Structures are given as structure tokens and as C-alpha cells.
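Read through the structure below, which is laid out as C-alpha cells, and then see the notes.
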Amino acid sequence: MPAYSVFHTRVICPSCGREIAYRGGQTAFCWGRSKFHYFARGDAIEWLHDTRKEIVPPFTWYRKRGWLWQSDAEFNFGSPTYPDLIAFDPEISVQAPESRVCPSCRSRYDHIAVMIREGRLIEVKVFEEGEIADTIGPLVPFAETVLIRADGTYEPRPDWNDPPMSTLES
Ligand SMILES: [Zn+2]
């Protein structure tokens, strides 16, 4: 860690409808196979599989070995057991709150997240100032991963901000 995945899609300001251009159309997030790139809404979350085609357990470094090659170690962040969640951009988390401003209309925002439903990327959502507290709750400590339970309630996972990792060899 960190090994972010990236969703390439325009990031739109909810106040003025213009693109938050300094984001460069890229939103980082942690869910599914590490360092994977997605380019379209509706894309299914990719999961790392081992040589027996089983999904590698969560938060476990895994390196595929071949006859003449050895791949880079990768891991799965989370598990397909959780199909619905909010994955906040960890690059926004390290920005000063006062810098989280739309360059077009100067509206402040709390954060930017990839919204995942039924295991697919639905959209990039810009949470306006106060919106996280109003919808999810105070989120103290902040959790970059917020699971959405089947009944629609939220389960923040601050324990996954910097999860303990294990290692598995193929
Ligand atoms: Zn704006």
C-alpha cells in the first residue's frame, strides 16, 4: 500500500455542472484488484485470482509464478462479498480541506468518491460541503471505505484505511 485503482471519467461539480478539470478525469480508489484501471461506467470490479482461478483472499499480497517469469505482487482490497460501497479517493484525503474547491464556481466540497453498486462502478460523486455528515454521518474517524448494507445503512470501515497485509505464494 498504497496501490490505488483509477476510474477514468470526468469529475463533475454538483454546484455548477462543469468539470473539476484539475482532477484530470482521474479518481483514485481502493477496491478490488490493486492498481487496476477502469474506463467506463458500469464496468465490473476486477478481482485478482490465483492459479487455481480462486479469488485471492482480501489484503493478501500474491505473486503468480510461471516457468520463466514471476509477476509483480498484487492484492485484493476488500471482497466481492460486499457489492455496494462508497470508495473515497485517498488522494483527496491528503489534500488540505480548504483546497477542495471547484475551480469554476469556487464551491467547496468535502470529498470525491467512486460509487460501487452490485459490484460495478456507477459514478464518481463529488460530496458537497456538509453532505457526508448529512447523508452518511459524522465519519469520525474518516473512513475511505464505507460499505452499504443490504438495508441501505452505512458501515464505515476506518480499519481498512491502512489494513494489515499478509502474503501468499502461488
Ligand atoms: Zn463548480
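Each reported figure results from applying straightforward, stated rules to the coordinates on display, with no laboratory input. Since this is a predicted model, take the numbers as computed values, not measurements. As a convention, Cβ positions derive from the backbone with ideal geometry for all residues, glycine included, and neighbour counts pool all protein chains shown.
Once you order the gyration tensor axes a ≥ b ≥ c over the Cα atoms, which shape class does region 1-125 get: rounded for a/c under 1.5, otherwise prolate or oblate by comparing a/b with b/c? Verdict is prolate for region 1-125. A cysteine counts as unpartnered when no other cysteine's C-beta lies under 4.7 Å of its own; in the chain this applies to 30.
Modelled spin labels at residue 159 and residue 95, positioned 7 Å past Cα toward Cβ, are 3.1 nm from each other. Taking the Cα centre of the chain as origin and assigning +1 to Lys and Arg Cβ atoms and -1 to Asp and Glu Cβ atoms, the resulting dipole is close to 540 debye. Near residue 73: Cβ cut-off under 14 Å, other residues only, Lys/Arg at +1 and Asp/Glu at -1. The net charge is +1.
For region 82-170, averaging the sequence separation of C-alpha pairs within contact (under 8 Å, six or more residues apart) and dividing by the residue count gives a relative contact order of 26 percent.
Once the Cα-Cα distance is subtracted from the 0.36 nm per residue extended length, the residue 81 to residue 169 segment shows a gain of 29.4 nm. Label positions at residue 19 and residue 72, each projected 7 Å from the Cα along the C-beta direction, are separated by 2.6 nm. When we measure straight from the Cα of residue 125, which lysines land under 23 angstrom away, once same-chain ones fewer than 8 places off are left out? Excluding near neighbours in sequence, the set is 35. Here is how the number arises for the chain: DSSP H runs of 4 or more residues each give -39500 (n - 2.57), the sum is divided by the residue count, and the result at 222 nm is -1000 deg cm²/dmol.
Beta bridges assigned by DSSP with both partners in region 1-85 are antiparallel in approximately 75 percent of cases. The modelled label-to-label distance for the pair residue 117/residue 150, using points 7 Å beyond Cα in the direction of Cβ, is 1.9 nm. With contacts taken as Cα pairs under 8 Å and at least 6 residues apart, the chain reaches a relative contact order of 22 percent.
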